[in-house]
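Beneath this line is the structure, given in structure tokens, with notes to follow.
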Amino acid sequence: MEFAISAMLLCTLLFGIISYGYALSFKQAMTQAAAEGARQAAVGGDATAVSAAVGRSVNAFSKTCGSGGLTCTYTTSTCSTSHTCMQVQVSYDYKNHPLMAKFPGLGFLLPDTFTSTSVVQTS
């Protein structure tokens, strides 16, 4: 009886660590993807080139912009009087498109949406 109780607790803890680690790895890939997209925008890329750069960075997770819950936005604005800012935002709907099978009771540990933003200032 004691083993059954402790095994359930240890399995829940182990699966929680694995799920959180995988989600953290995906969040890091999204941050890198936003930076790569902003870098592509800074060198004169259009929205298609920015989406391609983002897609290359999250390719390990088989995700592309506009499919599978991954959304990529690219906006241009004026930062100051003589500079232009380009912002790339990458969002993933984790609630409706989980990366792994959901384990009962661990749904509250991970956010519903992952978002990464990168801004580049050009002259």
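Below are the figures for this structure:
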item: Subset tally (residues that are among the β-branched types (Val, Ile, Thr), open to solvent by 40 Å² or more (accessible area, probe 1.4 Å) and over 14 Å from Ser116 (Cα atoms)) for the stretch 28-66; result: 3
item: Residue pairs meeting the criteria (Cβ under 8 Å; at least 6 apart or on separate chains; first touching a residue at least 40 places away in the same chain (Cβ under 8 Å), in the stretch 60-83; second of a type in the set (Val, Ile, Thr)); result: His83/Thr122
item: Every residue from the stretch 39-55 that is over 25 Å from His97 (Cα atoms) and touching a residue at least 12 places away in the same chain (Cβ under 8 Å); result: Arg39, Gln40, Ala41, Ala42
item: Arg39 being modelled with pLDDT of 80 or more, part of a helix (DSSP H, G or I) and out of contact with any Ser or Thr (no Cβ under 9 Å at 6 or more places or on another chain); result: no
item: Subset tally (residues that are of a type outside the set (A, V, I, L, M, F, W, C) and either open to solvent by 90 Å² or more (accessible area, probe 1.4 Å) or under 30 Å from Arg56 (Cβ atoms) (or both)) for the stretch 5-27; result: 6
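The values are calculated or read from the model by the stated rules, or taken from the named source; none is laboratory data. The structure presented is a predicted model; accordingly, all values stated were derived computationally and were not measured. Cβ: placed from backbone, ideal geometry, glycine included. Neighbour counts: every protein chain shown. Each accessible area value is taken on the protein alone, full model and side chains, heavy atoms only, with ligands, DNA and RNA left out. Shrake-Rupley method; radii C 1.70, N 1.55, O 1.52, S 1.80 Å.
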